[in-house]
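The numbers here are math on the coordinates, done by the rules we state, and not lab data. Predicted model only: the values in this text are computed from it and were never measured. Quick reminder, even Gly has a Cβ in these numbers, built from the backbone with ideal geometry, and neighbours come from all protein chains shown.
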Amino acid sequence: MMKQLQSRLGHSWRSLLTPAATGVAIVISFGAGSLVALVLHFLLFRLTLPTTPFIYVAF
Amino acid sequence: MSNPTNAAPRTNRPFFRPVSLIAGLATGMLGLAGAGFLAARTNWHTEFTRLHPMIAPESRYQPTVDELLAMIRANSSPEKVLVIVGGNSVLYGVGQPAPVMWTRSLQEQLGPDYSVVNLALRGSRPTDGGAVIAEALRDEYPRLIYIANVPPLLTADAIGGDDYRFMLLDAYYKGYLLPWEPRDRSLSNPGRVAREDRIGAWLDARVRYRSAWNWWTFHIFSTVPSPLSVSILQSLAARGQFRDEETNIEAIPFSQRFAGASFEADMGITRAFTERFYDRIGDGWQMREAARTEFDTFAAEAFPTALRSRTLIVISRNSPYYTSRLAPELRERDEIAVTDSISGWERHGYEAVDSGTNFDPADFGDRTHLTASGGRKLAVNVAAKVREMSARLFSNTPAP
């Protein structure tokens, strides 16, 4: 369907994006980048913890 | 066929905009680093007693230097003499519930002009944890005394033990430590400190992931399950919900404390406590040259020279329940070792004190750990030395 429409119009559907939709793409890209930062930040925390816990026993 | 002149130019532009994506990544990382910086400056240990297992590496929680500094700043005025207690489980007060732990007695003994903070950690060395915090606060609290304990003739590595080295690396890469060649040399030696640990601490000093996620772990929920918890829900609960619930060893009847299979093992350790340091010569004991060299080497490198006069090393002893069963010559050897340790530490510019000879068997919960009654005696013995140090070191040091 999309391909038919694209072939009829002769260009990519993305070229039909309005300026508002472009703004949405920018916002979503920015949000995705922030999400990646969150994941990276957490991974740094998580991966630098020791893999085996320190065990202390008394009595 | 469509008219090519009316067609819009063909584009394969991806939905995600790289510039926006990278801007989001950079902004997100900056925001999280900022959150970490802010969290590090806030005291969230408002109910702090000591570093109990749920806020320590046993539960996979690694307190940052910054969060401990914030806790001390919130509770201790620089106008007072700040007494930071480091060392191992003996000074932590294993077997002493928080209301009767020995550092509370020490605070009572010293009075309101002093502020005692217990940063001892189970299984740690004199140069671990508390020592790092004391060094970081050396200028902010000019009237500061650091206390740690160690058995006779054992000293400390300049970079401490593996389990608590994260605190040393944390302070090192955040610029809190003095330059100290033996320590700096060991820290940069890949055979002593893993490269990934150094890279992790270096990155943390820049993006503060540990401060941010420790805050989250403490307040919201733990992203890392605690192996100390019995259920999954409890293992993920916010660490701030947990209190210092130390076992009261005095609740165990005295007759049961030293019984069982551990008696012979502990008796063996007590017999060999100072064996490797001395030779029997005639009726006396002589320290082995190798032992003296080892002690001197480690004591000379353990702490930066400038901090030694305000560092008090408490020489730990075994319970009299065991030492009273030793042959007289072995008891004599242990006494000599305590005396030699004190003079050895003092020779290198530290202060040192015997933990005490006035303990009864009931003052111990096992071979090494004190009960609340033993803790009170230790507090009296140590307080006398702390007051003496304070009078000598700080009588001319004005409060900031």
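Miscellaneous remarks
- Rg/Rh for the protein assembly as shown (Cα atoms only, Rh after Kirkwood) is 1.14.
- Low-density loop positions, trypsin sites (Lys or Arg not before Pro), region B:294-379 - DSSP coil, at most 15 other Cβ in 10 Å: B:ARG325
- Centre separation in Å (Cα based) which lies between region B:337-381 and region B:256-274: 19 Å
- Backbone HN-Hα couplings from phi across region B:347-355 [Karplus 6.51/-1.76/1.60, Hz, Gly and Pro as x]: 4, 9, x, 8, 9, 9, 8, 5, 5
- Over chain B, the hull volume per residue, using the convex hull of the C-alpha atoms, is 202 Å³.
- For region B:294-400, fraction of C-alpha pairs farther apart than 17 Å, in %: 61 percent
- Using the Karplus relation 6.51 cos²θ - 1.76 cosθ + 1.60 with θ = phi - 60°, the per-residue 3J(HN,Hα) values for region B:151-160 come to x, x, 6, 9, 10, 8, 6, 4, 10, x Hz, with x marking Gly and Pro.
- Nearest-0.05 FRET efficiency for A:ARG46 and B:GLN286, computed from C-beta distance (R0 51 Å): 0.45
- For B:ALA352, the residues 5 or more places off, or on other chains, whose built amide H falls under 5 Å of its own are B:ILE313.
- Exercise: per-residue mean of other protein chain Cβ atoms within 10 Å, B:204-212: 3
- Here's how it looks for B:GLY365: its modeled amide H is under 5 Å from those of B:LEU370, B:THR371, which are all 5 or more places away or on a different chain.
- Shielding score for B:23-36, defined as the mean number of other chain Cβ atoms within 10 Å: 5
- Per-residue shielding of A:21-29, expressed as the average number of other chain Cβ atoms within 10 Å of the residue Cβ, stands at 4.
- Phi-derived couplings, Karplus 6.51 cos²θ - 1.76 cosθ + 1.60 at θ = phi - 60°, listed residue by residue for region B:245-251: 10, 5, 4, 9, 5, 6, 6 Hz, with x used for Gly and Pro.
- Summing charges over neighbours of B:THR357, with a neighbour being any other residue whose Cβ is under 12 Å away from its Cβ, gives -2 when K and R count +1 and D and E count -1.
- Non-local lysine pairs in the protein assembly as shown, meaning eight or more places apart or on different chains, with alpha-carbon distances under 29 Å, amount to 4.
- Seen from every direction in turn and averaged, the convex hull around the alpha carbons of region B:64-143 projects onto 5.1 nm².
- Kirkwood-Stokes translational diffusion coefficient of region B:239-363, alpha-carbon pairs, 25 °C, 0.890 mPa s, µm²/s: 143 µm²/s
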